[in-house]
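One structure below.
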Amino acid sequence: MKVLVTGGIGYIGSHTCVELLNQGHEVVIVDNLYNAKIEVLSYIKKITNKEVTFYEVDVCDYDAMKEIFAKESIDSIIHFAGYKAVGESVSKPVEYYTNNIYSTLILTRLMKEYDCKKFVFSSSATVYGDPDVVPIVETAKLGPTTNPYGTSKLMLEKILTDIQAANPDWTIILLRYFNPIGGHSSGLLGEDPKGIPNNLMPYIMKVANKDLACLGVFGDDYNTPDGTGVRDYIHVVDLGVGHVKALENIANDGVHIYNLGTGIGYSVLDVINTFEKVNGVPVPYKIQPRRAGDIAECYADSSKALEDLGWQATKTLEDMCKDAWNYVLSQK
Ligand code: WQD
């Protein structure tokens, strides 16, 4: 299958491209390099020993995207490209709604024009808001979301559902990610956000590497086993494999929704302790007040993905911490 991967130079996108290539698929990457480094393209090729077609284009540029569709006979699309920083989305709602929604509308318009009928969307567990019940199943109530990033994902799920209703022979797959962390075993691919990280693992990596002095733990008074926030951390390679399984195993028309998580909830202190233990490096931390918008607990019931896609996460928290640190060491 020839797969168009938007945002394919990014963190989750690059790991997914590796898995697509490993399974023999042809990959066409579109990325504007807003939040990605071009050398990742060479790492994808080095890891897989496969060729990849790359266009440095903004998905919101209809004319440029039209040229790509005209040139490449695209069978399916995996749409990663989008802004994804929760905190930033609160101060930049217009940018987030414009970029995340308009890029998706451009792609679906071109799907219509070029008879492409399969679309995989990078959604997020954020669409569940603060869950009433954990583990979370796909039929759980949605929202309310607490930031424009999460709201854009929820809106896009509804937009894509409407578009599929108008195109009944299309297959739309909504993958709700939990908390992706870790990196490729080669040490060539990993999470490397610009500036001060918003998310837990990249912050831990910088503290362990002494780029930052101390990790702030946002609250230890939640109703959780040790009082700190509990999340479903999933290895980014497992996540990449989940996308390939979804593309390969969902053939019938309609809208298909899957949680991609491990089904295990770990607290912030669990992650810190595991990271220190498996890597033998200290991660000094200090308890801070809760972060606005944070929820106590969020972890997946991914049994539907196992049943329909034949997919389940295989890597442990130890693997994730090891591969995250291995990536830092490989960058030195
Ligand atoms: C995890 C836990 C924090 C940083 C968000 C988005 C989600 C996805 C992943 C994009 C929480 C605690 C964090 C720190 C801390 N993003 N924490 N100190 O908020 O669960 O999910 O990122 O796809 O859509 O909602 O991830 O890594 O920010 O936080 O104590 O410096 O770590 O309170 O309990 P989150 P996170």
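For the chain, the 222 nm mean residue ellipticity estimated from helices alone, with every DSSP H stretch of n ≥ 4 adding -39500 (n - 2.57) and the total spread over all residues, rounds to -12500 deg cm²/dmol.
Set the Cα radius of gyration of the stretch 46-156 against 2.2 N^0.38 Å, with N its number of residues, and you get 1.24.
Surface composition of the stretch 127-238: carbon and sulfur make up 55 percent of the accessible area, probe 1.4 Å. Please label the shape of the chain as rounded, prolate or oblate, based on the square roots a ≥ b ≥ c of the eigenvalues of the alpha-carbon gyration tensor (a/c under 1.5 means rounded; beyond that, a/b larger than b/c means prolate, else oblate). Because a/c hits 1.5 or more and a/b exceeds b/c, the chain counts as prolate.
Amide H contacts of Phe218 (H built 1.01 Å from N, in plane; Pro and chain starts excluded): Gln288 sit under 5 Å, all sequence-distant by 5 or more or on other chains. Ligands, DNA and RNA left out, the 1.4 Å accessible surface of the stretch 71-123 is 57% carbon and sulfur atoms. Ranking Gly187, Cys214, Phe121 by how far each Cα lies toward the positive end of the dipole of the chain (charges on Cβ) leaves Cys214 at the top. Restriction of the GluC sites (Glu not before Pro) in the stretch 28-66 to DSSP coil positions whose beta-carbon has at most 14 other beta-carbons within 10 angstrom yields Glu51, Glu56.
Karplus-based coupling profile of the stretch 240-256, in residue order and whole Hz: x, 4, x, 5, 5, 4, 5, 4, 7, 10, 9, 10, 6, 5, x, 10, 10, with θ = phi - 60° in 6.51 cos²θ - 1.76 cosθ + 1.60 and x standing for Gly or Pro.
The portion of the accessible surface of the stretch 12-59 made up by carbon and sulfur, rounded to a whole percent, is 44 (1.4 Å probe; DNA, RNA and ligands excluded).
In a reduced charge model with +1 at each Lys and Arg Cβ and -1 at each Asp and Glu Cβ, the stretch 80-170 shows a dipole moment near 140 debye about its Cα centre. Rounded to 0.05, the FRET efficiency of the Asp132 and Asp220 pair, given R0 = 30 Å and the Cβ-Cβ distance, is 0.80.
Per-residue Karplus couplings for the stretch 179-187, computed as 6.51 cos²θ - 1.76 cosθ + 1.60 with θ equal to phi - 60°, are listed in order as 10, x, 9, x, x, 5, 4, 5, x Hz, Gly and Pro entered as x.
Each DSSP beta bridge with both residues in the chain is either parallel or antiparallel, and the antiparallel ones are about 5%. The lysine pair count for the stretch 64-129, using Cα distances under 23 Å and pairs eight or more places apart or on different chains, is 7. The value of relative contact order for the stretch 217-287, using C-alpha pairs under 8 Å at least six residues apart, is 41 percent.
Sorting the segments 283-291, 270-278 by their residues' average number of neighbouring beta-carbon atoms within 10 angstrom, most packed first, yields 270-278, 283-291. Dipole check for the chain: with +1 at the C-beta of Lys and Arg, -1 at the C-beta of Asp and Glu, and the Cα centre as origin, the magnitude is about 540 Debye. In this structure the amide hydrogen of Ser122, modeled in the peptide plane, comes within under 5 Å of the amide hydrogens of His79, none closer than 5 places in sequence on its chain. Our note on the geometry: Cα centres of the stretch 299-332 and the stretch 100-163, 22 Å apart. Averaged per residue, the chain has 42 square angstrom of accessible surface, using a 1.4 angstrom probe with ligands and nucleic acids left out. Between amide H atoms placed 1.01 Å from N, distances below 5 Å from His256 occur with Ile172, Ile173, Leu174, all of them 5 or more places distant or on a separate chain. One chain, two ends: Asn198 and Leu306. Fully extended at 0.36 nm per residue, the span grows by 35.8 nm beyond their Cα-Cα distance.
Full extension of the chain segment joining Thr316 with Gln331 gains 3.1 nm, where the gain is 0.36 nm per residue of separation less the Cα-Cα distance.
Projecting the Cα positions of Tyr62, Gly87, Tyr102 onto the charge dipole of the stretch 59-132 (unit charges on Cβ atoms of Lys, Arg, Asp and Glu, taken about the Cα centre) puts Tyr62 furthest along the positive direction. A simple spin-label model places the labels of Tyr102 and Lys286 4.2 nm from each other, with each point 7 Å out along Cα-to-Cβ. Residue-wise HN-Hα couplings along the stretch 14-20, as the Karplus relation 6.51 cos²θ - 1.76 cosθ + 1.60 with θ = phi - 60° gives them from phi, are 5, 5, 6, 4, 4, 5, 4 Hz; Gly and Pro carry x. Here the dipole of the stretch 205-332 is about 600 debye; that uses its Cα centre as origin and unit charges on the Cβ of Lys and Arg (positive) and Asp and Glu (negative).
The values are calculated or read from the model by the stated rules, or taken from the named source; none is laboratory data. Since this is a predicted model, take the numbers as computed values, not measurements. All Cβ positions, even for glycine, are placed from backbone atoms using ideal geometry, and neighbour counts span all protein chains on display. For the accessible areas, the whole protein counts, side chains as well, though only heavy atoms, and no ligand, DNA or RNA atoms are used. Shrake-Rupley method; radii C 1.70, N 1.55, O 1.52, S 1.80 Å.
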